[in-house]
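A short worksheet on the structure shown next.
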Amino acid sequence: MQLIKEVKFLIGKELLLEWRSKYALNGVVLYVVSTVFVCFLSFVSLRGVTWNALFWIIMLFASINAVSKSFLQESKGRQLYIYTIASPLALIISKTIYNIFLMLLLTLIALGFYTLVFDYVPEDMGLYLVATVLGSLSFSTIFTMISAIASKAGNGGMLMAILSFPVIIPVITVLIKLSKNAIDGLDRSVSLDEIGILLIINVLVAVFSLMLFPYLWRD
Amino acid sequence: MYKSWWKILGAVLVVYSTIAGFLASVPALPILHQSIRNLYFHVPMWFSMIVLFSVSVYHSIKYLSNNNEEHDMKAVQSVNAGVLFGILGIITGAIWAKFTWGQAWSFDVKQNFAAIALLLYFAYLVLRNAIDEDQKRAKIAAIYNIFAFPMMVVLLFVLPRLSDSLHPGNGGNPGFNAYDLDSHMRMVFYPACLGWILIGYWIYTLLFRVSAIEKNKTV
């Protein structure tokens, strides 16, 4: 019960900080929108496979930018303060949940703008939405833990990219396959394997994050 | 002498499997022809790699629970030895692919994911180099190592089954047990696996002892 209270409080803190500065959200939304626009100016018209691949590449870099803030941005003093008032489990759970919300919002905005600009809608939009939801879920669970590791190593952005790419590549390949099925409008039963794999990867990552983070947090 | 029986066993088995691997009879098959002998050299490399990486994860867990520096050294040296076997596995696979698939690297899923799995461990080694402080490095590296292991398992054993591959035993292709009707090949294959795993473990203990001596010299 204590844990739930702490998680709620920490999520509230994240939201409050975000609301005060509106820096992360506005920054990342601007990043996504301008990237989509640059892609539109260079491709003009896109269909099918390339449309799909480009979307996931944009989302990959946007989510690295968005989620890596969660730990890299915190100052040493504030980390120490949180350490004294909350349990590490509450911290990682709250950060992950907050990042999931942030990523869901970001992905939906990006997808909306992307379909609008390129004037192209996948055959099976419902399944495509499922893919984007699963994608933002996986991005946030994986990147939250990796950004915690990178921030402890004290070597910011460079390390974040090196550590996270090998972990995220399998997720991206499955996501691209799943969303390709949605674009082709295949029967939904074909895609159950991919959805299952993504869920398994998420559960694995979440369980390992919960087990390992207390060790990482303790200095 | 009685303590090093497994080293002798490993050496004998590797010598036996190399000689028998080149000279023993193999089933005559189209396309594969004599290249089926690669089974005795390519597959044991991957088994040895998995064993060494598991040893590494075991020592990382031990390190997190008792903070003994020795476990950190064991973890990193077994990763070093495992990476060596992984590279050998990729090379033997590429040579085999050159003759049977016509191309050393045809971007087959099995090849790609094996390469990415190795990238995970290169990232682990880069992470170690990025941190100066000894204890901090040991702790963060142990956490990343445990985090990376399930991802490697997913990459090597789960994802290749999702898509078509030319690799034997995948994508509807028969594995070697379909050809080995009279168990001749098993007589060489199993000793080869055991022998290479023992040799791999031996290499790892040697690497560990060298690094332990170097460590004592500097102190």
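The values are calculated or read from the model by the stated rules, or taken from the named source; none is laboratory data. Predicted model, so just to flag it, every value in this text is computed and none were measured. All Cβ positions, glycine included, derive from the backbone under ideal geometry; neighbour counts span all protein chains shown. For the accessible areas, the whole protein counts, side chains as well, though only heavy atoms, and no ligand, DNA or RNA atoms are used. Shrake-Rupley method; radii C 1.70, N 1.55, O 1.52, S 1.80 Å.
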Honestly chain A on the Cα gyration tensor test (a ≥ b ≥ c root eigenvalues; a/c under 1.5 rounded, otherwise a/b vs b/c for prolate or oblate) is just prolate
Only helices counted: for chain B, with every DSSP H run of 4 or more residues adding -39500 (n - 2.57) and the sum spread over all residues, [θ] at 222 nm is -25500 deg cm²/dmol
Rounded to the nearest 10 Å², the accessible area of A:Y215 using a 1.4 Å probe with every protein chain kept is 80 Å²
Taking the alpha-carbon centre of each part, the distance from region A:101-152 to region A:43-64 in Å is 11 Å
Using alpha carbon centers only, region B:52-127 is separated from region B:152-211 by a whole-angstrom value of 13 Å
Heads up, the protein assembly as shown by the C-alpha gyration tensor (a ≥ b ≥ c square roots of eigenvalues; a/c under 1.5 rounded, else a/b over b/c prolate, else oblate) looks oblate
Filtering chain B for DSSP H helices with an axial alpha carbon extent of at least 15 Å and a Kyte-Doolittle mean of at least 0.5 returns B:5-23, B:39-66, B:69-100, B:109-130, B:184-218
Longest principal axis of chain A (C-alpha) makes with the long axis of helix A:48-72 (C-alpha) an angle, in degrees to the nearest 10, of 10 degrees
Residue by residue through region A:170-179, the couplings from Karplus 6.51 cos²θ - 1.76 cosθ + 1.60 with θ = phi - 60°, in Hz, x for Gly and Pro, are x, 4, 4, 5, 5, 4, 5, 5, 4, 6
Per its Cα gyration tensor (rounded if a/c is under 1.5, else prolate when a/b beats b/c, else oblate), region B:141-197 is best filed as oblate
Computed, not fitted: 222 nm per-residue ellipticity of chain A from DSSP H runs ≥ 4 (each -39500 (n - 2.57)), nearest 500, equal to -30500 deg cm²/dmol
Inter-chain shielding metric for B:142-155, i.e. average beta-carbon neighbours from other chains within 10 angstrom, reads 6
When every protein chain stays in place and a 1.4 Å probe is rolled, A:Y81, B:Y2 sorted by accessible area with the largest first are B:Y2, A:Y81
For B:D182 the rounded accessible area (nearest 10 Å², probe 1.4 Å, non-protein molecules ignored) is 100 Å²
Looking only at lysines whose Cα falls under 19 Å of B:K62's and that sit 8 or more positions away or on another chain, we get B:K74, B:K136, B:K139
